[in-house]
1. Name, by its number, the condition in (1) in a loop (DSSP other than H, G, I, E, B); (2) surrounded by 10 or more Cβ atoms within 10 Å (Cβ to Cβ) that does not hold for S62.
2. Which residues, taken from the range 22-44, are touching a helix residue (DSSP H, G or I) at 6+ places or on another chain (Cβ under 9 Å), modelled with pLDDT under 95 and more than 19 Å from P89 (Cα to Cα)?
3. For the range 27-38, how many residues meet the condition of being over 10 Å from the mean Cα position of the chain (by Cα) and crowded, with 16+ Cβ neighbours inside 10 Å?
Amino acid sequence: MAQMSEQPSNVDQRQERVRIETERHRIEGVLTLARDGYRSRVSDVLNASEREFITLTEVTVSPLEGGPVELHPYMSLARRHIVFAVAAPEQA
């Protein structure tokens, strides 16, 4: 008999693409949020005092002063470095 893998359900989560700027970089990536209620808004995650880092996937990092763009599958970003964050357009 085949054994089913125990993977967490994504039913209670949704993903939102965000653009974040630090003093030196523009960062775009996907933030995983709760579908409803607590931690369902980007501002909830950014204002969570118990977390020092936020996690993004499918990340693009662009230096504000120009230079090569970096692509990363995963990034943890220290909240204290965030200058602002907005919703980003979905990539084609």
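The values are calculated or read from the model by the stated rules, or taken from the named source; none is laboratory data. Given the structure is predicted, the values throughout are model-derived calculations rather than measurements. Glycine also receives a Cβ, built like all others from the backbone with ideal geometry; neighbour counts cover every protein chain displayed.
1. Every listed condition holds for S62 apart from (1).
2. Within the range 22-44, A34, Y38, R39 qualify.
3. Start the filter on the range 27-38 by keeping residues that are over 10 Å from the mean Cα position of the chain (by Cα), which leaves 34-38.
Filter once more, keeping what is crowded, with 16+ Cβ neighbours inside 10 Å: none.
Number of matching residues: 0.
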